[in-house]
Amino acid sequence: MTPPARRDGTPDKKGNRGAKAERPQKKDKPRASDTYVSQARPARRQHVDVDRSSDSEGEGIRLQKVLAQAGVASRRTAEKLIEQRRVEVDGKIVTRQGIRVDPDAAVIRVDGERIAVNDKMQYFVLNKPRGVQSTMSDDQGRPCVGDIVGERLSAGQRLFHVGRLDAQTEGLLLLTNDGELANRLTHPRYNVTKTYLATVIGEMSEKDVRTLMNGIELDDGPAKADFAQLIDVWQGRTIVRIELHEGRKHIVRRLLKAAGYPVQQLVRTKIHTVQLGEQTPGAIRALNRAELASLYKVVGL
């Protein structure tokens, strides 16, 4: 018989090198009733490609797919982001591929920026026209925000406004069905800044601007602008930009009136980093990802 081989493939020196190899004996053809048990041991590591898309273990949706559906990146790029440890879920950095998440509950961030992954949540910017009530319906039949977004409401989107503007004030109004974000944006503790352009009667001076920022005593306590700037002064009128984080009723109008300059026209142009831009009165648009992430960040979500 052929001498047994070593692990390196060379024959055993103790074997008979001159012996002829015996012909293998002819074996009987196996019958169907015969049972064969393999004695082979499984390899410790088998290089088998796993079909990630067919993984059905666990609940929720694969993180790569969630990021792709949110418009962050393609699935392949999302996998690279995870590999580079740039993605975190509920405050923990993801270190392996294939985890599943609940988009309705998970807080997902990429490079520290929160990503909106719950497609049930809606976020819009409305340029509220002058003369429109900041309500979704009005029992007196007056024009209201609900009239403008009526088609979206009838389609099943239950939106509500974040804060309000009085009927004679126009400009940026946020609409959403995200109650937690709305509550925080209107809560005083988060100091969310709002910017207004006011046209007032009278020609203001730089001294008046400093007065606005130093503070004026109102009937319900002192109030002041975080920032104020003269934009234009002409023919007994002034356009002034005012930034403040207070949310008291009619605070801008009352502050300017107390300074001696009644408001003729008032437009809110900005909330934190979300700007009205070139939107015409009555126009509505969805917030982009950067704007929403900025709002999340300022209120600690």
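The values are calculated or read from the model by the stated rules, or taken from the named source; none is laboratory data. Values in this document were obtained by computation on a predicted structure and should not be read as measured data. Each accessible area value is taken on the protein alone, full model and side chains, heavy atoms only, with ligands, DNA and RNA left out. Shrake-Rupley method; radii C 1.70, N 1.55, O 1.52, S 1.80 Å.
A few remarks follow.
- In this structure, the amide hydrogen of TYR261, modeled 1.01 Å from its nitrogen in the peptide plane, lies closer than 5 angstrom to no residue at least 5 positions away or on a different chain.
- When a 1.4 Å probe is rolled over the protein heavy atoms, the share of accessible surface on the stretch 100-236 that falls to carbon and sulfur comes to 45 percent.
- Anisotropy class of the stretch 89-204 from Cα gyration tensor, a/c 1.5 cut: oblate
- For the cross-link pairs LYS65/LYS92; LYS194/LYS224; LYS65/LYS297; LYS207/LYS249; LYS224/LYS249, the ones whose C-alpha atoms lie over 21 Å apart are LYS65/LYS297; LYS207/LYS249.
- The stretch 189-300: C-alpha gyration tensor shape, a/c 1.5 cut-off, then a/b vs b/c: oblate
- The amide H of GLY215, built 1.01 Å from its N in the peptide plane, has ALA225 as neighbours under 5 Å, considering only residues 5 or more places off or on other chains.
- Share of carbon and sulfur in the accessible heavy-atom surface of the stretch 239-301 [1.4 Å probe, %]: 51
- Per residue, the accessible area of the stretch 133-264 comes to 54 Å², computed with a 1.4 Å probe over protein heavy atoms only.
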